[in-house]
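Down below is the structure, laid out as structure tokens.
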Amino acid sequence: MTFTALMADAVSGSPAYSAGTWRLADSGLFVSSGPIAARSGALSVDSFAASLAGTTVSVGPGRAVVQGATTSTQGAYRTAMPTTWTQALAAPNTQDRIDLVYLRVWDNEVDASGLTQADLVYLTGTPAGSPVAPTIPAGQAGFQICTVSVPHTGSPALTQVGKMPYTAASGGIVPSFVTTSPGSPETGQVRWRGDRAPTVQPGPLEIWDGAAWDAIVPDSYPRGTVGQQATVTADGTPTPNSTVETKDAVLGDFSVQLVAGRRYRIALSGLVANATVAGDTFLLNIRDGGASSPTASSTLVAQAPYHPTASGIPGRLSIRVVGELVIGGGGTGTHTLAFFAQRTGGTGVFTPISVSHDTGVLGRYLIVEDIGL
């Protein structure tokens, strides 16, 4: 069996290359939709941009690839529309309807149309109580550009997102503005999700594994520091000579937006613990009050013990209070955190202070880090 090998000189007895032969071999230059077929669609997100002014539809310039629809070996057509196309809508009916604008390739070799060109076709829909858009007639090579809803009264409305497909060069990234696009992807195909920001995980890039779209940068990855609150005031609010749990009002409340299902590391850094009596015991707590200012009964998210072996400066210890917070279902939203201290044994007073340096006070920091799923 022999088959096409382009870029070889013709020899006696070998047929010249036809346009169909070139198209079929060239199909490999674009994203695949089968062993010898290319995916139809616009080649850039700014191609064939459609708009509606009153009752006139406009479609801007664009480039595209159109897979032949008449035979399995028809190959793919490369097209380019250099100017803007306009079309007046048909008059409304007594019922609503949906019209279709699509790109079509005409090729006399396969459709006997007498034409070798591409153009945009305006196809009016059937009026109905619950209208549906018409489809591209069978055997015509093309793809949707947009649909226009034409009510029996009122103004028409154009829809292009989710209607027009996109494609790319072989191995390229296909733009996608709806979760179902591109349809029937090849394993290993990469798409760009237009509904996702590049700075927010899981990010806009996904790869088809043969059964589902997987994020190239998974959402399970840590997102880093969500935020922090600091004070450079050396002394915080002392814990009084009692067992009452006291908030460090100098550091104050810290509100941050957290997301359900994710894990967060909550930490108080830069703290130096100071007690007035050696041998006392204290618990240093971070609590979450949700949307409200935390109290001593709010959710405990981090805790560290403090047991000074000496009073005053000799007993000062640098302590980091660290804990993990898992946000359950329905927990997305504001979470307000604060640092508390409680004496659990002894008679003295605890005061949170910040580390001093020859350049000044370095400060206490309440830090929230996203550590993934």
Practice task
Restrict the check to the range 236-256 and report whether at least one residue is closer than 15 Å to VAL301 by Cβ, surrounded by 15 or more Cβ atoms within 10 Å (Cβ to Cβ), of a type in the set (Lys, Arg) and touching a residue at least 60 places away in the same chain (Cβ under 8 Å).
Solution key: yes
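Yes or no, residue by residue, for (1) buried (at least 17 other Cβ atoms within 10 Å of the Cβ); (2) among the hydrophobic types (A, V, I, L, M, F, W, C); (3) in contact (Cβ under 8 Å) with a residue 12 or more places away in the chain:
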{"position": "ALA118", "(1), (2), (3)": "yes, yes, yes"}
{"position": "ALA128", "(1), (2), (3)": "no, yes, yes"}
{"position": "ILE136", "(1), (2), (3)": "yes, yes, yes"}
{"position": "GLY139", "(1), (2), (3)": "no, no, yes"}
{"position": "GLY142", "(1), (2), (3)": "yes, no, yes"}
{"position": "CYS146", "(1), (2), (3)": "yes, yes, yes"}
{"position": "ALA168", "(1), (2), (3)": "yes, yes, yes"}
Practice task
Out of the residues in the range 97-114 that are among the hydrophobic types (A, V, I, L, M, F, W, C) and surrounded by 13 or more Cβ atoms within 10 Å (Cβ to Cβ), state the one that is modelled with the lowest pLDDT.
Solution key: VAL110
Handout entry: Matching residues in the range 89-116 - criterion: being touching a Phe, Trp or Tyr at 6+ places or on another chain (Cβ under 9 Å) and closer than 23 Å to THR153 by Cα
Key = LEU89, ALA90, ASP99, LEU100, VAL101
Completion exercise
If you go through THR70, THR94, the only one that is in contact (Cβ under 8 Å) with a residue 24 or more places away in the chain, loosely packed, with under 13 Cβ neighbours inside 10 Å and not in a strand (DSSP E or B) is THR94
Practice task
Restrict the check to the range 308-319 and report whether at least one residue is surrounded by 17 or more Cβ atoms within 10 Å (Cβ to Cβ) and touching a helix residue (DSSP H, G or I) at 6+ places or on another chain (Cβ under 6 Å).
Solution key: yes
Problem - Residue satisfying all of: in the range 268-303; at negative phi, small (Gly, Ala, Ser) and crowded, with 18+ Cβ neighbours inside 10 Å; farthest from the chain's Cα centre (by Cα) among these - result: ALA275
Completion exercise
The residue that is surrounded by the fewest Cβ atoms within 10 Å (Cβ to Cβ), considering only those in the range 320-340 that are more than 21 Å from THR295 (Cβ to Cβ), among the β-branched types (Val, Ile, Thr) and at pLDDT below 90, is VAL326
Exercise for the section: Name every residue in the range 144-156 that is closer than 25 Å to SER40 by Cβ and of a type in the set (A, V, I, L, M, F, W, C), in order of residue number. Expected result: ILE145, CYS146, VAL148
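The values are calculated or read from the model by the stated rules, or taken from the named source; none is laboratory data. Here the structure is a predicted model, which means the values were calculated and not measured. A quick note on method: Cβ atoms are made from the backbone with ideal geometry, for glycine too, and the neighbour counts reach across all protein chains shown.
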